Structure formats: structure tokens, C-alpha cells
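What follows is a single structure, written as C-alpha cells, with notes after it.
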């Protein structure tokens with residue numbers, strides 16, 4: 001059998017060889033479709049960035065060969081240097097995965113923020129696949145997408161573009177999203193596999209799905225079921241015996257822990273993954289010198305060495321280096337010596353922060369306040385306060401119509417020619433969207449870090465309410481998606497007291513008002529007096545009778561909670577957590593025999609509660625407070641209890657088979673006769689050997705301090721189980 005490695009050893013006749021192994025090839029860019037010689041790249045709405053004036057206007061020196069904070073894309077590959085060894089290794093790894101019939105064709109490319117993962121994939125590996133197609137596939141279709149808040153929709157959209165050649169295939173996108181969302185009769189998510197197998201000429205043209213910034217499935221997608229469906233669609237297609245689909249993902253390495261939540265995913269990062277290394281001195285020299293040489297204006301050796309010294313060994317420094325080089329090239333256009341430009345901007349480390357700070361200080365006080373709101377809205381904070389960039393609709397930044405001209409003017413200034421701190425794109429559902437061009441800006445601008453420290457908690461709340469409002473809009477403003485109970489009260493309070501920098505958008509404000517209106521419409525309807533009470537009387541009632549309001553609210557919450565619980569299904573039912581916590585705040589502590597199978601209850605407070613014989617099968621209880629809870633005979637099979645606090649809880653006779661207790665606190669937890677079959681307790685905290693003396697242990701993983709003294713303990717009860 002002829003292998004891919006035996007093909008394409010000689011350059012094509014129409015290519016011009018240049019130092020470093022790169023070839024100048026022509027890429028035809030047509031909106032969100034990029035055509036190479038052998039591959040066609042289809043960009044999702046989020047992956048396609050609207051060109052700025054700088055990218056469309058040539059200067060006396062010609063095109064600027066440096067990309068600043070922006071990623072090197074396929075059409076930029078002629079300026080992409082220093083990663084030749086990694087590109088060859090990646091191509092070989094990808095080839096081997098596709099030629100090994102037993103392999104899962106899933107290639108994770110991961111590294112620290114600013115290590116160049118996206119550029120290596122798009123201007124490196126994809127360009128190499130265009131130059132050297134895999135054996136048996138002389139063509140390839142490559143959809144490139146970011147997960148965003150709705151990863152299934154992002155995937156469906158770009159697949160629909162491939163099938164229809166329509167840049168906005170609304171109907172086909174909706175059809176594909178349904179296929180991706182629904183599991184098969186076997187319970188598997190086969191939508192991507194099925195769609196791929198129906199693409200015309202799929203037997204001759206490999207489908208390579210590229211998911212850039214894969215960590216967005218953890219930071220932006222808040223729907224556990226959608227996240228699971230997205231990941232399993234990718235894995236199912238990558239393992240399919242028809243071998244029509246391969247998957248490449250790029251991800252920040254500090255999100256490796258999150259991959260452990262999904263069966264098989266973390267193993268693929270280990271077996272198939274490629275860790276992007278730091279660039280060595282000679283590689284940095286090529287990355288700095290070669291683009292200028294290709295553009296016809298070589299840099300002096302002294303400035304090249306100075307840039308290397310300021311970059312080498314500095315984590316996440318590549319975008320900072322590119323930003324400094326971009327400024328140096330602009331200085332050359334004005335006749336300024338590179339060393340003078342570098343000194344003026346504060347070197348590689350100070351260039352980015354200094355430039356954005358100067359632009360911010362040039363704004364009026366009123367515009368500075370709006371700029372703070374813009375940048376804060378573009379930072380995502382997860383539960384551990386890890387910061388990543390966030391893509392937001394421009395409409396979310398506008399709290400009233402009067403602000404719109406000023407907001408858009410500020411956006412233009414921070415995304416204008418020669419700046420590019422912000423990038424805009426178009427989304428079919430959300431309209432114009434905005435994001436920070438690179439996370440290096442978030443981590444290196446001290447002013448922004450200060451704002452984040454001051455407004456961290458408010459920012460968490462704002463993003464939550466904006467997310468709820470966006471989902472309401474995406475569902476045609478259905479009343480089923482309006483807020484209720486305690487969370488509505490919190491939203492109202494936030495909307496009244498939030499600082500200007502975290503003010504809610506017009507949509508979120510409308511959403512809260514609609515929720516309040518619906519709440520009182522239902523209340524008076526339930527009392528049978530809706531037709532007798534004029535609107536003005538309802539308004540007076542809202543203002544003056546707080547005590548009756550609270551009493552009726554508690555009654556409504558109790559009834560609504562019991563209705564949801566009576567359904568006894570295993571759906572996530574996200575509103576149930578807020579309803580249960582509202583009951584707790586009003587004195588309830590007894591939920592014996594409650595049915596919470598599959599419910600999304602992350603972070604819930606059940607401290608001291610009576611939960612004996614409760615059904616928590618497959619429930620999400622990550623970070624839950626279960627201190628001192630009474631859990632006699634409770635069923636936690638396959639439940640998620642990551643970092644949950646079970647200190648002094650009583651679990652006598654409970655079933656924890658297959659539960660995830662990674663990081664759980666077990667100080668003083670009573671585990672007599674608890675079934676711990678197939679449970680990994682290695683990372684639990686404060687567990688002692690005495691606690692598990694009468695527990696049921698079979699294929700149980702115990703902490704080292706217990707195993708060392710009792711190596712046979714982990715499978716002590718397996719024979720009894722048989």
C-alpha cells in the first residue's frame with residue numbers, strides 16, 4: 001500500500017521554494033470561503049472576521065507581513081515562519097491517525113494562551129494539507145468554527161454552508177441542528193457522521209472539522225446536554241468505520257482538567273494530543289526576519305536579536321512580539337528606525353498595554369465609562385475566576401438607544417487601522433458581534449485587570465442575566481423562558497443598582513420587565529380576579545403590599561416546585577435549583593425521598609438537610625454544599641459530585657456506584673455500608689481508612705495514603721458483589 005509520506009516529495013511546478021520549507025501559494029478568499037489548491041476552508045460566522053481598513057489598504061511598503069494580535073490564517077501562510085518542524089510533525093501525526101484503521105481520527109492541539117495554537121493549525125497544518133493531501137483524498141473540505149455559546153448551532157451552520165453553498169443557510173442549519181441534537185435509538189450522537197456521509201463526493205474529499213478555541217465548550221456553553229451532544233458528535237464521527245471525517249481541535253492547556261468529565265475525551269488528549277512547544281531562538285529569528293524579507297524590507301540583525309531577547313522564555317509572548325513587529329513595520333512606513341519605535345512603545349512587553357492605555361486615555365470621561373463596559377463584557381469568568389475572551393453581540397453593550405452612536409464610535413476606534421484590539425464579525429442570529437482580538441490583551445493590560453477585580457461579582461451576574469435574555473430571544477421570547485422566583489428578584493435588584501460599567505443591555509432590561517409582567521399576570525389569574533383588576537391597580541399593588549406579595553410568591557414557588565418534581569423525569573430542569581433554594585431560604589429543610597434524577601444542581605446549598613432515600617442518579621451536584629446532610633439510603637449512582645462538600649454528612653446505606661467525587665471533601669463523612677463500586681476516591685479530601693471499613697469496595701480507587709497500608713482494599717468486596 002502506498003503511504004501518504006511517499007507522495008508529494010517534490011515541490012509542485014507552480015510553487016516557489018523559499019527558506020524554511022514554506023511555499024508561496026495562492027489562496028482565493030471569497031467571504032467566509034477560502035480556496036486552496038487541494039482544500040476548501042469554510043469559516044463559521046464566528047471564525048470569519050470582518051477585515052479592517054488596515055487589511056484592505058496597501059501602503060508604500062506594501063502589505064504589512066505581521067499580524068499583530070490577529071491569528072495567521074490560511075491566506076497568511078506565506079508570512080508564517082519558525083514552526084516548520086512542528087508543522088511536519090503535526091502533518092505526520094494527522095496522516096498516521098487517518099491511515100491507522102483502529103485509531104480515532106481526533107487530533108487535539110493544545111498549549112498555553114499565546115503559544116500560537118490557532119496560527120499553527122490554520123497557517124501551518126491546513127496549509128500543509130493543501131500542499132500534501134492525504135493518500136486517497138486529493139481534496140479536503142475543512143469547516144472551521146468556534147463553539148460559541150451554542151456549539152451545535154455553530155457546527156450545523158458551517159456544515160449547511162458546505163452542502164448548500166449559501167452563506168446564510170437558515171433552514172438547512174435548523175435541520176442539521178436537529179439531527180446533531182437528537183441521539184440515535186442506541187443513545188449515540190451520530191448526527192455529524194450521518195451528515196458527513198451525505199455530503200456530495202465525500203468518498204473523494206475528506207471532511208476535516210476544525211474546532212478552534214475548543215475551551216469555549218466549557219466557558220461559553222452553559223447547557224450541559226448541548227455540550228455533551230457536541231463532544232459526542234465529534235468523537236462518533238472521528239471513530240466511524242467509513243472514515244469520512246477527521247476532527248482537529250485547538251485548546252488552552254489549562255482546560256485539560258475539564259476534558260476528564262467526558263468519557264474518552266481526556267484519553268484522546270493524552271494518546272493523540274500535540275502540545276505546542278515554546279519557540280526556540282532560531283525559530284524566533286525566522287518568525288521575525290523572514291516575513292520582512294519576503295515583503296522586501298529586511299530587518300537589521302541587531303533589532304532581530306533585541307526582539308528575541310525580549311521574547312524568549314516569556315509565556316504567551318508570541319502575540320506581543322507580533323504586535324511589536326506590526327508597530328515597527330508601521331514606523332518604517334513613516335521613516336522611523338525600528339530601534340526607535342521599539343523604545344517608544346516600551347519593548348515587546350510594554351507595547352500592547354501601553355498602546356491600548358494611550359487610546360483609552362484619549363477618550364472623554366463619558367466614553368471611558370462606555371469603554372470599560374465594552375471590555376468587561378468581552379471577558380468571560382468561569383466559576384474559578386479563570387479569564388478568557390468572550391464573543392458578545394454588539395447589542396448587548398448598548399443599554400439605551402441614546403448610547404448607540406457613542407458605543408459604535410468607540411468600537412471603531414479600538415478596531416481601526418493600525419489598532420485591531422477588537423475584532424468584529426457577523427452572526428446570522430445575533431447580528432454584529434465583538435471580541436478582544438487576543439487574550440494577551442486581557443492578561444497584560446493592568447487597567448482591565450483592575451476593573452475585573454472591582455467588578456468581578458457584578459460581572460458574573462450581568463453575564464448570567466444576559467445569557468438568559470439571549471436564550472429568551474432565541475426562543476421567540478416564549479413565556480416559558482422568563483425568570484421566576486428568587487432569580488427574578490435578584491435580576492430586578494441588579495438592574496436597579498448595577499454600575500454603569502456593567503449595565504444590562506436593552507434586551508436584558510426588556511426580559512426582566514417581561515418576567516415581572518408575566519409573574520403578576522399569572523398571580524391574578526390564579527386568584528380569579530384578573531378581569532376585575534385594572535392595570536393601574538396591579539401597579540399600586542406591586543408598590544404597597546409587600547407582605548402579601550411575599551406570601552403569594554412563596555405559595556407559587558411551592559406549587560411550581562411540586563409540579564416539576566411530580567414529573568419524576570431525569571431531565572436537567574435548571575430552574576429547579578433556584579426553586580429549591582428559595583424554599584430553603586424560607587425555612588424548608590426536609591426533602592426526604594425527593595426525586596432529583598439527572599437534575600442540574602451545581603453549587604446548591606443542602607447543608608443540614610433531610611434527604612434520606614433521595615434519588616440523585618446522574619444528577620449534577622458539582623460544588624454542592626451537603627455538609628451535615630442526612631442521606632440515609634440515598635441513590636447517587638453516576639452522580640457528579642466534583643468538589644462537593646460532604647463533611648459530616650450521613651450516607652449510611654447509600655449507593656454511590658460510578659459517582660464522580662473528584663475533589664470532594666469527605667471530612668467526617670459517615671460511609672457505613674455505602675456502595676463505592678467503581679468510584680475514584682484518589683483526589684478526595686480528608687478521607688481516612690476508618691471511614692471505609694464497612695463500605696462496599698470493588699474496583700474502587702483509593703488515595704495513596706490508604707493503598708500503601710492496605711494494597712488489597714480497593715477490590716475487597718468484589719467476590720461478594722459477584
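The values are calculated or read from the model by the stated rules, or taken from the named source; none is laboratory data. As the structure is a computational prediction, the values presented were derived from the model and not from experiment. Backbone-built Cβ (ideal geometry, glycine too); neighbour counts: all protein chains shown.
One residue stands out in region 479-502 among those that are at pLDDT below 85 and in a loop (DSSP other than H, G, I, E, B): the one that is nearest to residue 576 (Cα to Cα), namely 498.
Table: residues versus (1) in the same structural domain as residue 639 (by TED's automatic domain parsing); (2) within 25 Å of residue 223 (Cβ to Cβ); (3) part of a helix (DSSP H, G or I); (4) touching a strand residue (DSSP E or B) at 6+ places or on another chain (Cβ under 8 Å).
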residue: 573; (1), (2), (3), (4): yes, yes, no, yes
residue: 577; (1), (2), (3), (4): yes, yes, yes, yes
residue: 582; (1), (2), (3), (4): yes, yes, yes, no
residue: 588; (1), (2), (3), (4): yes, no, no, no
residue: 592; (1), (2), (3), (4): yes, no, no, yes
residue: 602; (1), (2), (3), (4): yes, yes, no, yes
residue: 607; (1), (2), (3), (4): yes, no, no, yes
residue: 612; (1), (2), (3), (4): yes, no, no, yes
residue: 617; (1), (2), (3), (4): yes, yes, no, yes
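In region 635-665, what residues are over 31 Å from the mean Cα position of the chain (by Cα) and buried (at least 24 other Cβ atoms within 10 Å of the Cβ)? First the steps, then the outcome.
So the first thing to find is which residues in region 635-665 are over 31 Å from the mean Cα position of the chain (by Cα), and the list is 635, 647-655.
Those that are over 31 Å from the mean Cα position of the chain (by Cα) and buried (at least 24 other Cβ atoms within 10 Å of the Cβ): 649, 651, 654.
For residue 471, the criteria (1) in contact (Cβ under 8 Å) with a residue 12 or more places away in the chain; (2) over 29 Å from residue 366 (Cβ atoms); (3) under 23 Å from the mean Cα position of the chain (by Cα) hold in every case but one, which is (1).
The rows are residues; the columns are (1) touching a strand residue (DSSP E or B) at 6+ places or on another chain (Cβ under 9 Å); (2) under 16 Å from residue 39 (Cβ atoms).
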| residue | (1), (2) |
| --- | --- |
| 81 | no, no |
| 116 | no, no |
| 123 | no, yes |
| 155 | yes, no |
| 166 | no, no |
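Among the residues of region 274-303, those that are in contact (Cβ under 8 Å) with a residue 24 or more places away in the chain, outside any helix (DSSP H, G or I) and closer than 20 Å to residue 328 by Cα comprise 296, 297, 299, 300.
In this structure, does residue 211 turn out to be within 21 Å of residue 36 (Cβ to Cβ) and at pLDDT 90 or above?
On the way: within 21 Å of residue 36 (Cβ to Cβ): yes; at pLDDT 90 or above: yes.
Considered against the rule, which asks whether it is within 21 Å of residue 36 (Cβ to Cβ) and at pLDDT 90 or above, residue 211 comes out as yes.
Give the residues of region 398-412 that are part of a helix (DSSP H, G or I) and out of contact with any strand residue (DSSP E or B) (no Cβ under 7 Å at 6 or more places or on another chain), sorted by residue number. Steps first, answer last, please.
Quick first cut of region 398-412, residues part of a helix (DSSP H, G or I) only: 401-412.
Those that are part of a helix (DSSP H, G or I) and out of contact with any strand residue (DSSP E or B) (no Cβ under 7 Å at 6 or more places or on another chain): 401, 402, 403, 404, 405, 406, 407, 408, 409, 410, 412.
Figure legend. Inter-residue proximity from region 695-711: first residues outside the structural domain of residue 658 (by TED's automatic domain parsing) and surrounded by 15 or more Cβ atoms within 10 Å (Cβ to Cβ), second residues in a loop (DSSP other than H, G, I, E, B) and modelled with pLDDT under 90, beta-carbon distance below 8 Å, spacing 6+ or different chains. No pairs are indicated. Pairing residues of region 170-184 that are without any contact (Cβ under 8 Å) to a residue 40 or more places away in the chain with residues that are in a loop (DSSP other than H, G, I, E, B), at Cβ distances under 6 Å and at least 6 apart in sequence or on separate chains, gives 184/190.
Can you tell me how many residues within region 246-257 are modelled with pLDDT under 95 and touching a strand residue (DSSP E or B) at 6+ places or on another chain (Cβ under 9 Å)? Spell out how you get there, then give the answer.
Residues of region 246-257 that are modelled with pLDDT under 95, as a first pass: 251-257.
Filter once more, so that each one left must be touching a strand residue (DSSP E or B) at 6+ places or on another chain (Cβ under 9 Å): 251-253, 255-256.
Qualifying residue count, region 246-257: 5.
A quick yes/no check of all residues on (1) under 15 Å from residue 42 (Cα atoms); (2) outside the structural domain of residue 256 (by TED's automatic domain parsing); (3) surrounded by fewer than 21 Cβ atoms within 10 Å (Cβ to Cβ):
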{"site": "158", "(1), (2), (3)": "yes, no, no"}
{"site": "167", "(1), (2), (3)": "yes, no, yes"}
{"site": "198", "(1), (2), (3)": "no, no, yes"}
{"site": "210", "(1), (2), (3)": "yes, no, no"}
{"site": "213", "(1), (2), (3)": "no, no, no"}
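Do you know which residues across region 351-388 are out of contact with any strand residue (DSSP E or B) (no Cβ under 8 Å at 6 or more places or on another chain), on the phi < 0 side of the Ramachandran plot, outside any helix (DSSP H, G or I) and in contact (Cβ under 8 Å) with a residue 60 or more places away in the chain? Steps first, answer last, please.
So the first thing to find is which residues in region 351-388 are out of contact with any strand residue (DSSP E or B) (no Cβ under 8 Å at 6 or more places or on another chain), and the list is 351-373, 376, 383-386.
With on the phi < 0 side of the Ramachandran plot added as a condition, the list becomes 351-373, 376, 383-384, 386.
Those left that are additionally outside any helix (DSSP H, G or I): 362-364, 383-384, 386.
Selection gives 383, 386.
Just to be sure before I move on: is residue 593 closer than 26 Å to residue 714 by Cα and at pLDDT below 95 in the structure I sent?
Values: closer than 26 Å to residue 714 by Cα: no; at pLDDT below 95: yes.
So residue 593 fails the test.
Entry remark, region 242-273: residues being outside any loop (DSSP other than H, G, I, E, B), free of Cβ contacts under 8 Å to residues at least 12 places away in the same chain and surrounded by fewer than 18 Cβ atoms within 10 Å (Cβ to Cβ) number 5 in total.
Suppose the filter is within 28 Å of residue 589 (Cβ to Cβ), outside any loop (DSSP other than H, G, I, E, B) and in the same structural domain as residue 589 (by TED's automatic domain parsing); does residue 691 pass it? I'd like the intermediate steps shown before the answer.
Numbers: within 28 Å of residue 589 (Cβ to Cβ): yes; outside any loop (DSSP other than H, G, I, E, B): yes; in the same structural domain as residue 589 (by TED's automatic domain parsing): yes.
In short, yes.
Just one of (1) closer than 28 Å to residue 415 by Cβ; (2) touching a residue at least 60 places away in the same chain (Cβ under 8 Å); (3) assigned by TED's automatic domain parsing to the domain that holds residue 39 fails for residue 103. It is (1).
What do you reckon, is residue 287 closer than 17 Å to residue 445 by Cα and either crowded, with 21+ Cβ neighbours inside 10 Å or under 25 Å from the mean Cα position of the chain (by Cα) (or both)? So residue 287 does not fit the description; no.
Please determine whether any residue of region 230-241 is modelled with pLDDT of 90 or more, closer than 25 Å to residue 113 by Cα and not in a helix (DSSP H, G or I). Reasoning before the result, please.
Step one: list which residues in region 230-241 are modelled with pLDDT of 90 or more, which gives 230-241.
Subset that is closer than 25 Å to residue 113 by Cα: 230-231, 234-235.
Keeping just the survivors that are not in a helix (DSSP H, G or I) gives none.
Among the residues of region 230-241, not one is modelled with pLDDT of 90 or more, closer than 25 Å to residue 113 by Cα and not in a helix (DSSP H, G or I), which makes the answer no.
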